[in-house]
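Inspection log for the structure reproduced underneath, given as structure tokens.
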Amino acid sequence: DTGVSQDPRHKITKRGQNVTFRCDPISEHNRLYWYRQTLGQGPEFLTYFQNEAQLEKSRLLSDRFSAERPKGSFSTLEIQRTEQGDSAMYLCASSSGLQGSKLSEAYEQYFGPGTRLTVT
Amino acid sequence: AQSVTQLGSHVSVSEGALVLLRCNYSSSVPPYLFWYVQYPNQGLQLLLKYTTGATLVKGINGFEAEFKKSETSFHLTKPSAHMSDAAEYFCAVSGRSGTYKYIFGTGTRLKVLA
């Protein structure tokens with residue numbers, strides 16, 4: 001168990017460019033979440049996958065944002081035509097669900113280190 | 001809809017003093033409750049959680065929290081602050097069904113004074 005990893009850790013881009021972030025969850029976890037954290041705020045939910053199915057999207061996720069989890073393993077979050085307001089820390093988290101886990105642990109989310117996006 | 005309120009965006013305590021970070025939630029049914037800690041430029045680390053059973057829960061690094069349904073609170077405490085406790089602390093709730101997504105508070109930055 002190497003934990004949740006995210007790549008890149010930092011990304012600086014110019015307004016209008018597209019960016020893509022990757023998240024590798026803990027290998028046996030079937031649930032994957034993306035959150036966005038702006039300065040001085042708590043993380044805000046963006047989207048959720050159970051295996052490869054994207055089951056919920058926040059209204060924060062405008063049509064410039066798209067997320068995928070093609071084989072139910074790693075996930076990508078793409079932002080098209082970036083805006084300065086997209087500057088934030090993007091956090092990925094995973095949880096095991098009920099598969100082989102105690103209820104008290106099944107929905108505990110493990111977070112990656114985040115990708116800090118700066119749009120100039 | 002669920003919401004979380006953390007009173008005090010900044011809290012300062014002396015080293016060795018009691019740490020008390022406040023969290024109140026709003027939910028139509030008792031949610032799952034979590035406290036996470038975040039060090040600069042890092043992700044979130046789980047300190048402790050309440051899902052069911054005993055309402056006083058103990059976590060890592062000497063922290064504990066008590067779920068009080070009547071007060072809709074889940075305050076985080078530590079008897080004696082250490083310099084290494086300086087960080088940002090987030091309270092979060094999730095539903096007991098559906099996506100189990102977290103709703104976070106705005107966080108409390110803890111400063112420990114020597």
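Just want to confirm a number: the relative contact order over chain B, from Cα pairs under 8 angstrom separated by 6+ residues, in percent.
Contact order relative to length: 37 percent.
Got a sec to turn the phi values of region B:78-88 into Karplus ³J(HN,Hα) couplings, 6.51 cos²θ - 1.76 cosθ + 1.60 with θ = phi - 60°, whole Hz, x for Gly and Pro?
Those phi angles translate into 8, x, 9, 6, 10, 3, 6, 7, 4, 4, 9 Hz.
Which value in deg cm²/dmol, rounded to the nearest 500, describes the helix-derived mean residue ellipticity at 222 nm for chain A, given -39,500 (n - 2.57) per DSSP H run of n ≥ 4 and division by the residue count? Intermediate results must be reported in sequence, preceding the final value.
Values: 1 runs with 4 residues, N = 120.
Helix contribution divided over all residues of chain A: -500 deg cm²/dmol.
Taking chain B as a Gaussian network, Cα atoms linked when under 10 Å apart, which of B:GLY95, B:GLY53, B:GLY16 shows the biggest mean-square fluctuation?
Result: B:GLY53 has the largest fluctuation of those listed.
How much FRET efficiency would the formula 1/(1 + (r/R0)^6) give for A:GLU56 and B:ALA54, where r is the Cβ-Cβ distance and R0 is 35 Å, rounded to 0.05? Show your work: numbers first, answer last.
Values: r = 31 Å, r/R0 = 0.89.
E between A:GLU56 and B:ALA54, to the nearest 0.05, is 0.65.
Let me spell out the model: positive unit charges on the Cβ of Lys and Arg, negative unit charges on the Cβ of Asp and Glu, origin at the Cα centre of chain A. What dipole size does that give, in debye rounded to 20? Spell out each step's value before the answer.
Working: 15 positive and 14 negative charges, 92 e Å.
Charge dipole, chain A, about its Cα centre: 440 debye, nearest 20.
List the GluC sites (Glu not before Pro) in region A:1-110 that DSSP assigns to loop (not H, G, I, E or B) and whose Cβ has at most 15 other Cβ atoms within 10 Å. Which are they?
A:GLU28, A:GLU52, A:GLU83
Where a ≥ b ≥ c are the square roots of the eigenvalues of the C-alpha gyration tensor, would you call chain A rounded, which needs a/c under 1.5, or, failing that, prolate if a/b is larger than b/c, or oblate? The partial results should precede the final answer.
On the way: a/c = 1.97, a/b = 1.84, b/c = 1.07.
Since a/c reaches 1.5 and a/b is larger than b/c, the shape of chain A is classed as prolate.
Mind checking region B:1-90 for GluC sites (Glu not before Pro) that DSSP puts in a loop (not H, G, I, E or B) and that have at most 15 other Cβ atoms within 10 Å?
Of the GluC sites (Glu not before Pro), the ones in loops of region B:1-90 whose Cβ has at most 15 other Cβ atoms within 10 Å are B:GLU15, B:GLU71.
Each value in this text was obtained by applying a stated rule to the coordinates, not by laboratory testing. Bear in mind that the values here come from a model prediction, so they are computed numbers and not experimental data. Cβ atoms come from the backbone with ideal geometry, glycine included; neighbour counts cover every protein chain shown.
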